[in-house]
């Protein structure tokens, strides 16, 4: 019985109880710290990096880690730490916009499907969900490659491709949760009071389906970082001179015999970011949805 | 049963039909004509017109769509612009690398995931369980192409056991053979399998734990079966449905994963073909490869749907 445990409109705010439990939840704490580090790295790099990230300094190329260059320098003598800090920007930009796009469109479509179904127009729901089923034939990387073939490689193309992939993911979750909310007594009461489906969705459905959507947003953010890194590695995502972790890995691969550590740092940065977001998502799921917590 | 299969097959064909329309339409929406995109901005109008005629672009879109689909179904495909070979021939060559790679990766995934998942479930809340869960959490976060690079660093650069990439071919004539071929695919398959195995192991564990709480398992334990015996005899089969679903969905990730991993290891497979086709703006190849990969994903989902009925006798009765 999902609906019975959904948060009711009166107490949907993050009560003090949630935060007290959050501080004791190990994966939420570790995940939040790692995610905060990612955001801090990107924010810091906006106005400060140890060295100018794009400054080429051939005499200082391929240096090992030292006091001056904590993580060493790359083939062009650029400071690896500075490149990594700036690279966090690409990951965050892609994550935020792609997930925002996917969630915005997906939740709208999901809520529309649920509202139409509850108001006797099941065929709209049916059509929308069959479309969502169908998009599984095109995984994010495949649609990104298709778009790149047409519009050329670039950050925007990869954001759009990853965003499109997220639309059915969010639509499905929003629809599933919203259908349950539409059967609740307080929605029946609101309908009896003459509220339009749009207002019911805005005031009653959305606040009650927020938890699973927040969890999904965290997980999708992690997936977006991985997809952006893969596209940039292939040279189809972020374009030079803007540094990105995927590109740094591509550059490092040709230097594996001279400077193996160059291939370690960017990958570790991706892994820690994704790990942080996934752990935070797991933690949020436990904290926001007591039912799932008990099922484990 | 027959009705169920017919319904699923109809869904499969319908999905493929829609997918083909989408792929075709997306490439139609191109800013400018395909010929201009292929030739680049510096092309003369005469060259564009000539290529348009060669590609059949002077005909109306529905005619070209039907020609394309008809060609795909009969194996009579258009010629690649950069390779000057029919795409069906290119794909057949490249699938000889990609299919064995995908199958190897899937086998590794299932073996690793079931092993780790069953082990973790049997030691629920003990050290082994915590260890498996921690490793799998890390595994999910590792990008497959980075893991591939790390494997090359360890096995090719440090230990020098295998070459850092390339594929020798399956026959002695090509300079390879069955064993050298398999050896070249081992690291790529492993790097594809790691992430998928981590996800599937977690899924297996939680599916097993869910079934273990059911009454029939409690009865089996009460009759004197050990936790491990009950797990293998009564739980595993019941937990297979969600595990199978997940494995089916993962195949899609695996297929797209080959695009990246084949590039890391410079393997002449479909993934590398589509990457090169994008770089060369060879839209004929892009269109056919995207269609092929989408069809593979849909086909595997169909097979998973049909497998459910084999695994679950309840579904078999419902389907009858």
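Filtering the range A:224-252 to residues that are at pLDDT 85 or above and surrounded by fewer than 22 Cβ atoms within 10 Å (Cβ to Cβ) leaves A:235, A:250, A:251.
Out of contact with any helix residue (DSSP H, G or I) (no Cβ under 9 Å at 6 or more places or on another chain) and more than 19 Å from residue B:133 (Cβ to Cβ): which single residue out of B:257, B:224, B:271 fits that description? The conditions single out B:224.
Here B:10, B:47 are screened, and the one residue that is without any contact (Cβ under 8 Å) to a residue 60 or more places away in the chain and within 14 Å of chain A (Cβ to nearest Cβ) is B:10.
Of note, residue A:210 does not satisfy the criterion of being modelled with pLDDT of 90 or more, more than 14 Å from chain B (Cβ to nearest Cβ) and either over 18 Å from residue A:281 (Cβ atoms) or assigned to a helix (DSSP H, G or I) (or both).
Return the residues of the range B:168-198 that are more than 10 Å from every other protein chain (Cβ to nearest Cβ), assigned to a helix (DSSP H, G or I) and in contact with a helix residue (DSSP H, G or I) (Cβ under 6 Å, 6 or more places away or on another chain); say none if nothing qualifies.
At the first step, the residues of the range B:168-198 found to be more than 10 Å from every other protein chain (Cβ to nearest Cβ) are B:168-194, B:196-198.
Restricting the remaining residues to those that are assigned to a helix (DSSP H, G or I) gives B:172-174, B:178-194, B:196-198.
Of everything in the range B:168-198, those that are more than 10 Å from every other protein chain (Cβ to nearest Cβ), assigned to a helix (DSSP H, G or I) and in contact with a helix residue (DSSP H, G or I) (Cβ under 6 Å, 6 or more places away or on another chain) turn out to be B:185, B:187, B:188, B:189, B:191, B:192, B:193, B:194, B:196, B:197, B:198.
Elements of the type helices (runs of 4 or more DSSP H) sitting completely within the range B:234-320 and holding at least 3 residues that are modelled with pLDDT under 80: these cover B:236-264, B:283-311, B:313-319.
Consider the range A:171-186. How many of its residues are assigned to a helix (DSSP H, G or I) and more than 30 Å from residue A:134 (Cβ to Cβ)? Break it down into steps so the answer makes sense when it comes.
From the range A:171-186, those assigned to a helix (DSSP H, G or I) are A:171-182, A:185-186; that's our starting set.
Narrowing further to those that are more than 30 Å from residue A:134 (Cβ to Cβ): A:185-186.
Residues meeting the conditions: 2.
Could you list all residues from the range A:236-271 that are in a loop (DSSP other than H, G, I, E, B), more than 8 Å from chain B (Cβ to nearest Cβ) and either within 16 Å of residue B:164 (Cβ to Cβ) or touching a residue at least 12 places away in the same chain (Cβ under 8 Å) (or both)? Hits for the range A:236-271 are A:237, A:238, A:239, A:241, A:242, A:243, A:244, A:254, A:255, A:258, A:259.
Which condition breaks for residue A:81 when tested against (1) over 18 Å from the mean Cα position of the chain (by Cα); (2) over 26 Å from residue A:55 (Cα atoms); (3) assigned to a helix (DSSP H, G or I)? Every condition holds for residue A:81 apart from (2).
Among the residues making up the range A:144-168, those that are under 20 Å from the mean Cα position of the chain (by Cα), within 14 Å of chain B (Cβ to nearest Cβ) and crowded, with 23+ Cβ neighbours inside 10 Å are A:144, A:145, A:158, A:161, A:162, A:165, A:168. Residues in the range B:23-54 that are surrounded by 12 or more Cβ atoms within 10 Å (Cβ to Cβ) and at pLDDT 85 or above: B:23, B:24. Pull up the range B:141-167, narrow it to residues that are touching a residue at least 60 places away in the same chain (Cβ under 8 Å) and assigned to a helix (DSSP H, G or I), then point me to the one that is farthest from the chain's Cα centre (by Cα). The selected residue is B:152.
For the residues B:82, B:20, the requirement of being surrounded by 12 or more Cβ atoms within 10 Å (Cβ to Cβ), within 14 Å of another protein chain (Cβ to nearest Cβ) and assigned to a loop (DSSP other than H, G, I, E, B) singles out B:82.
Look through B:285, B:300, B:289 and report the one residue that is buried (at least 20 other Cβ atoms within 10 Å of the Cβ), touching a helix residue (DSSP H, G or I) at 6+ places or on another chain (Cβ under 7 Å), without any contact (Cβ under 8 Å) to a residue 60 or more places away in the chain and within 14 Å of chain A (Cβ to nearest Cβ). Let's see the steps before the verdict.
Numbers: B:285 fails: without any contact (Cβ under 8 Å) to a residue 60 or more places away in the chain; B:289 fails: without any contact (Cβ under 8 Å) to a residue 60 or more places away in the chain.
Selected residue: B:300, the only one of B:285, B:300, B:289 that is buried (at least 20 other Cβ atoms within 10 Å of the Cβ), touching a helix residue (DSSP H, G or I) at 6+ places or on another chain (Cβ under 7 Å), without any contact (Cβ under 8 Å) to a residue 60 or more places away in the chain and within 14 Å of chain A (Cβ to nearest Cβ).
Residue A:105 passes every criterion in (1) surrounded by fewer than 20 Cβ atoms within 10 Å (Cβ to Cβ); (2) farther than 20 Å from residue A:201 by Cβ; (3) in contact with a helix residue (DSSP H, G or I) (Cβ under 8 Å, 6 or more places away or on another chain) apart from (2). All conditions in (1) touching a helix residue (DSSP H, G or I) at 6+ places or on another chain (Cβ under 9 Å); (2) in a helix (DSSP H, G or I); (3) within 14 Å of chain A (Cβ to nearest Cβ) hold for residue B:124, with the sole exception of (2). Scanning the range A:26-68 for residues that are surrounded by 13 or more Cβ atoms within 10 Å (Cβ to Cβ), in a loop (DSSP other than H, G, I, E, B) and more than 33 Å from the chain's Cα centre (by Cα) yields a count of 4.
The values are calculated or read from the model by the stated rules, or taken from the named source; none is laboratory data. If you're wondering where the values come from, they're calculated on a predicted model, not measured in any experiment. Neighbour counts are summed over all protein chains in view; Cβ atoms, including those assigned to glycine, are modelled from backbone coordinates with ideal geometry.
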